Amino acid sequence: MDCRNFSCLPVTRLGALAIAWLTLVSMVLGQSTETVDDLDVTLTEVLAGHSSHGAAFNEGPRQSAYLMGGTGNVNFPVTTKSALAQKFINQGIGQLHGFWFLEAERSFRQAAALDESCAMAYWGAAWATAENSKRAQGFIAKAMELKQSVSERDRLYIEALSKYLSDKPEEKSKRAAEFLKNLESIALKFPEDLEAKAMIAHRVWQNSREGIPVSSYLALDALLQQVFAAEPLHPAHHYAIHLWDNRAPEKALRSSAQGGISAPSIAHMWHMPGHIYSQLHRYEDAIYQQEASARVDHAHMIRDQIMPDEIHNFAHNNEWLIRNLSFAGRANDALDLAKNMVELPQHPKYNDLKKANGSASYGRRRLLQVLREYELFDQANGLCQSPYLAAAGLSPEDRIKCLRLAGCAAAITGQPTGKSHAVAELELLSQQQRTLKADCLIALNRLKSAIDSSEDRPPLAEKMEIDPAAAATKINEKKSELAAAEALVDQIGKSLTAVEGYTLVAQQDYKTAYARLLAATGEDVSWLGELQFVGGNTDEGLKTVQEQVTRRPKEVLPLARLAFIQFQNGDVADAEKTFQQLRETSSSFDLTLPMFARLKPLADLQGLETDWRKPVEPASDLGFRPALESLGPFRWSPPLAPVWSIVDSNNQTAGSSEFHGQPYVLIFYLGHGCLHCAEQLNAFAPHVGDFEKAGIKMLAISSDNSAGLQQSIESFTGEMPFRLASDETLQIFKKFRAFDDFENKPLHGTFLVDGAGKIRWQDIGYQPFMEHDFLLLEAQRLLADGLPIVVAEIGP
């Protein structure tokens with residue numbers, strides 16, 4: 001093993017023994033060391049940072065819970081010897097009702113820490129992790145071990161969930177139906193159990209997502225009304241909203257008014273009423289709910305040192321908020337929020353450019369949409385050259401979408417250089433995909449020849465070292481690649497057509513532009529209607545925009561466009577009528593936007609003030625709504641890192657005060673004998689210089705004592721590339737929350753702290769973070785105000 005230039009980190013004797021032992025056990029069990037995390041408890045005990053209770057406990061929250069309040073009026077008595085554990089059980093059930101799965105699991109794990117014999121604590125953790133069947137099965141297995149010591153009611157709950165969590169996917173619908181039946185049996189046997197009725201409502205909705213339709217909406221609503229009659233502010237209002245969301249949203253208005261205040265600490269409980277108001281085209285009411293949800297999430301994340309996309313549905317709520325802001329005419333606010341979503345910390349596990357439902361992807365998608373629909377092409381020119389829309393690492397599909405907007409915006413604003421660069425890159429991408437198509441066709445023909453031969457071992461297949469069965473699998477793979485390449489070529493072709501269409505708009509050839517943009521697809525239909533109108537086809541243009549007003553009721557964009565072209569057409573009475581509809585739809589749209597500023601002549605005609613928006617009276621069915629500012633901050637901001645001080649291996653003091661104005665990466669590792677830690681240090685060591693060139697220092701803190709720290713240093717050939725320090729007492733580990741409070745052991749942790757002492761990025765867990773390249777690029781992006789940043793250039 002050549003360790004010159006720190007290209008690797010030699011493993012200590014203990015680490016080497018661990019490797020040998022892991023390899024031996026893996027061979028006995030028939031598994032490779034790559035799947036070591038899936039092995040049994042005996043094996044995982046060897047690895048530092050892993051839970052002593054098994055693989056299910058490795059992931060998820062490992063820091064203690066606290067009684068936060070505001071999680072719903074829930075009373076769910078279980079078999080436990082700890083009154084405090086019972087309170088955490090109640091809190092966990094409320095969090096489950098609000099789909100706050102991360103914190104629900106934390107509450108149940110806290111209950112188990114207080115009373116390790118509490119079977120229902122493990123049952124609750126299994127329910128909270130049901131989307132991860134392997135983890136859920138680990139938790140429910142623990143509950144089943146303890147079921148003999150619980151009440152009959154608890155046992156029925158445990159057995160019902162255990163049967164449902166069976167790992168036989170082909171029987172999923174059958175298991176889902178049986179689970180519902182078992183919950184009904186519990187409700188029949190224990191009629192005072194409100195939670196059983198609430199769980200039935202949830203299960204019926206969940207089953208509808210698993211292929212079992214709701215048999216009677218009214219019957220299920222009647223069951224929920226029993227819950228609300230006993231507890232008016234029960235968080236089961238969440239389920240009433242889901243029940244009626246797509247069937248009869250007006251039936252959920254009562255639950256929408258009470259959803260947030262029934263569990264005000266749970267952001268998703270504020271979000272869900274926004275579904276109903278959106279369905280009913282009450283966009284400003286939806287905006288309140290979704291902003292409330294975002295504020296509650298922000299307060300929680302800042303307070304408890306949680307990264308944004310660790311929270312279930314956080315990104316979904318914010319992207320929906322952007323849509324409603326757009327519907328209400330608040331395009332600048334929508335743009336600001338979309339940009340903020342892109343700015344948030346990215347992580348390969350929770351949120352990066354490849355995750356379609358993460359903040360980065362959602363934010364970019366909405367940014368493209370708002371810029372295009374509101375014709376904000378001057379802003380688009382700048383954003384298309386920025387990391388918001390030109391980030392390195394975009395998928396080809398997303399890159400094409402960004403290039404399309406870049407080319408169209410440059411064309412319509414008379415920026416020939418920007419247009420030519422976008423077109424050139426689109427054409428280059430097209431050529432690359434055409435080459436890929438050709439390669440796929442050649443490979444397919446060769447593979448088909450290998451299969452179609454009548455000989456037992458076709459010469460071609462033998463030469464390819466592939467048997468006919470394997471060739472068939474390869475054929476399917478190549479067919480998928482071919483289809484993807486063809487789709488991209490089509491997408492690029494339409495993008496180039498769109499750029500041509502926008503060029504024609506700039507040249508005022510509206511009739512031809514309309515035909516091109518219609519063929520390109522993806523443009524706002526109301527804008528196409530306006531192009532028809534100005535291109536001379538006035539009647540069809542008016543009809544197209546009027547249809548959009550009907551199809552998109554109470555959205556300000558088609559209304560504003562219709563009022564404008566009616567006025568331009570001389571239909572003053574119709575224009576004034578449409579204008580009044582617009583004024584009654586929203587009181588908060590931005591008058592500085594070109595879409596609304598051009599309506600000033602209509603406002604003047606009616607003798608209105610410069611601010612011609614009409615105040616809209618609040619609806620009478622909203623219930624109590626706290627001031628938004630009381631729920632949390634409008635934007636997430638990174639939490640302050642704790643103050644810390646330590647003596648390093650050179651007997652020099654290191655600490656937070658030393659790094660004032662200086663960003664740094666802090667790695668917490670679990671001693672010289674930890675195999676995974678050796679791998680992490682080995683991965684980061686050769687790149688310390690890259691971080692330092694970017695202005696970022698690096699320091700590693702070990703759980704070892706001084707002697708163990710010295711062994712880490714001696715393992716290197718040459719000088720240690722970054723400072724090491726010992727935190728034998730684990731005080732700094734605990735301050736940064738790189739610590740399992742339930743099992744009283746340190747965890748792996750990697751943190752990026754900026755010059756103002758704020759934690760901009762973190763990874764805490766049973767395994768160390770290994771992706772040094774990702775972290776370097778992410779650090780540069782997050783610290784871009786004072787550091788270089790890598791972006792993709794627009795152009796060939």
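The table that follows gives values for the structure above.
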{"read-out": "Residue in the range 282-290 that is modelled with pLDDT under 95, part of a loop (DSSP other than H, G, I, E, B) and open to solvent by 10 Å² or more (accessible area, probe 1.4 Å) present", "value": "no"}
{"read-out": "Verdict on GLN279 being within 30 Å of PRO639 (Cβ to Cβ), in contact with a Pro (Cβ under 8 Å, 6 or more places away or on another chain) and either surrounded by fewer than 24 Cβ atoms within 10 Å (Cβ to Cβ) or not hydrophobic (A, V, I, L, M, F, W, C) (or both)", "value": "no"}
{"read-out": "Selection count where residues are part of a loop (DSSP other than H, G, I, E, B) and in contact with a Pro (Cβ under 9 Å, 6 or more places away or on another chain), scope the range 212-263", "value": "1"}
{"read-out": "Positions within the range 232-254 being open to solvent by 50 Å² or more (accessible area, probe 1.4 Å) and out of contact with any Phe, Trp or Tyr (no Cβ under 9 Å at 6 or more places or on another chain), in sequence order", "value": "PRO232, LEU233, ASN246"}
{"read-out": "Residue within the range 318-330 that is more than 29 Å from GLN780 (Cβ to Cβ) and of a type in the set (D, E, K, R) present", "value": "yes"}
{"read-out": "Matching residues in the range 718-737 - criterion: being in contact with a strand residue (DSSP E or B) (Cβ under 7 Å, 6 or more places away or on another chain), farther than 22 Å from GLN63 by Cα and part of a loop (DSSP other than H, G, I, E, B)", "value": "PHE722"}
{"read-out": "Where a residue in the range 673-690 is in a helix (DSSP H, G or I) and its partner, wherever it lies, is of a type in the set (A, V, I, L, M, F, W, C) and buried (at least 22 other Cβ atoms within 10 Å of the Cβ), with Cβ under 6 Å and at least six apart", "value": "CYS677/LEU670; ALA678/LEU9; LEU681/LEU9; ASN682/LEU9"}
{"read-out": "Checking GLY695 against (1) assigned to a helix (DSSP H, G or I); (2) more than 20 Å from ASP304 (Cα to Cα); (3) not polar (S, T, N, Q), the condition it does not meet", "value": "(1)"}
{"read-out": "Residues within the range 356-377 that are in contact with a Ser or Thr (Cβ under 6 Å, 6 or more places away or on another chain) and not β-branched (Val, Ile, Thr), tallied", "value": "1"}
{"read-out": "Selection from the range 773-795 of residues that are modelled with pLDDT under 50 and either open to solvent by 40 Å² or more (accessible area, probe 1.4 Å) or out of contact with any strand residue (DSSP E or B) (no Cβ under 7 Å at 6 or more places or on another chain) (or both)", "value": "GLY786, LEU787, PRO788, ILE789, VAL790, VAL791, GLU793, ILE794, GLY795"}
{"read-out": "Residue satisfying all of: in the range 702-738; under 30 Å from ALA784 (Cα atoms) and at pLDDT 95 or above; most open to solvent (accessible area, probe 1.4 Å) among these", "value": "LYS735"}
{"read-out": "Count of residues meeting criterion [at pLDDT 90 or above, out of contact with any Pro (no Cβ under 9 Å at 6 or more places or on another chain) and either open to solvent by less than 10 Å² (accessible area, probe 1.4 Å) or under 15 Å from LEU394 (Cβ atoms) (or both)] in the range 349-366", "value": "7"}
{"read-out": "ASP352, sole failed condition from (1) over 16 Å from the mean Cα position of the chain (by Cα); (2) under 16 Å from LEU782 (Cα atoms)", "value": "(1)"}
{"read-out": "Odd one out for THR653 among (1) touching a residue at least 24 places away in the same chain (Cβ under 8 Å); (2) closer than 18 Å to THR729 by Cβ; (3) β-branched (Val, Ile, Thr)", "value": "(1)"}
{"read-out": "Which listed residue is closer than 28 Å to ALA128 by Cβ, basic (Lys, Arg) and out of contact with any Asp or Glu (no Cβ under 7 Å at 6 or more places or on another chain), from ARG295, ARG282", "value": "ARG295"}
{"read-out": "Which numbered condition ALA121 misses (of (1) part of a helix (DSSP H, G or I); (2) farther than 25 Å from TRP100 by Cα)", "value": "(2)"}
{"read-out": "Qualifying residue in the range 110-121 (condition: touching a residue at least 60 places away in the same chain (Cβ under 8 Å) and closer than 17 Å to HIS268 by Cβ)", "value": "no"}
{"read-out": "Single unsatisfied condition, GLY329 versus (1) open to solvent by 50 Å² or more (accessible area, probe 1.4 Å); (2) under 23 Å from GLY382 (Cβ atoms)", "value": "(1)"}
{"read-out": "Verdict on ARG583 being open to solvent by less than 70 Å² (accessible area, probe 1.4 Å) and under 23 Å from ALA334 (Cα atoms)", "value": "yes"}
{"read-out": "Within the range 462-564, helices (runs of 4 or more DSSP H) holding 2 or more residues that are touching a strand residue (DSSP E or B) at 6+ places or on another chain (Cβ under 7 Å) and modelled with pLDDT of 95 or more", "value": "none"}
{"read-out": "Index of the failed condition, ALA627 passing every other in (1) open to solvent by less than 30 Å² (accessible area, probe 1.4 Å); (2) within 26 Å of LEU335 (Cα to Cα)", "value": "(1)"}
{"read-out": "Residue, most open to solvent (accessible area, probe 1.4 Å), within the range 197-210, restricted to residues that are free of Cβ contacts under 8 Å to residues at least 40 places away in the same chain and among the hydrophobic types (A, V, I, L, M, F, W, C)", "value": "TRP205"}
{"read-out": "Number of positions in the range 750-765 that are out of contact with any Asp or Glu (no Cβ under 7 Å at 6 or more places or on another chain) and either in a loop (DSSP other than H, G, I, E, B) or open to solvent by less than 10 Å² (accessible area, probe 1.4 Å) (or both)", "value": "8"}
{"read-out": "Some residue of the range 255-271 being open to solvent by 10 Å² or more (accessible area, probe 1.4 Å), in contact with a Gly (Cβ under 9 Å, 6 or more places away or on another chain), without any contact (Cβ under 8 Å) to a residue 60 or more places away in the chain and farther than 26 Å from SER588 by Cα", "value": "no"}
{"read-out": "Filtered residues of the range 181-196 (kept if open to solvent by less than 30 Å² (accessible area, probe 1.4 Å) and either outside any helix (DSSP H, G or I) or of a type outside the set (Val, Ile, Thr) (or both))", "value": "LEU183, ALA187, ASP193, GLU195, ALA196"}
{"read-out": "Qualifying residues in the range 567-577 (those that are touching a residue at least 24 places away in the same chain (Cβ under 8 Å) and within 21 Å of PHE327 (Cα to Cα)) - the one most open to solvent (accessible area, probe 1.4 Å)", "value": "GLU576"}
{"read-out": "Residue under evaluation THR521, criteria (1) more than 29 Å from PRO416 (Cβ to Cβ); (2) open to solvent by 60 Å² or more (accessible area, probe 1.4 Å), criterion not met", "value": "(1)"}
{"read-out": "Selection status of ALA201, touching a Lys or Arg at 6+ places or on another chain (Cβ under 9 Å) and under 17 Å from PHE76 (Cα atoms)", "value": "no"}
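The values are calculated or read from the model by the stated rules, or taken from the named source; none is laboratory data. A quick note: this is a predicted structure, and the numbers were derived from the prediction, not measured. In this analysis, Cβ positions are derived from the backbone assuming ideal geometry, glycine residues included, and neighbour counts consider all displayed protein chains. Calculation scope for accessible area: heavy atoms of the full protein, side chains included, ligands and nucleic acids excluded. Shrake-Rupley method; radii C 1.70, N 1.55, O 1.52, S 1.80 Å.
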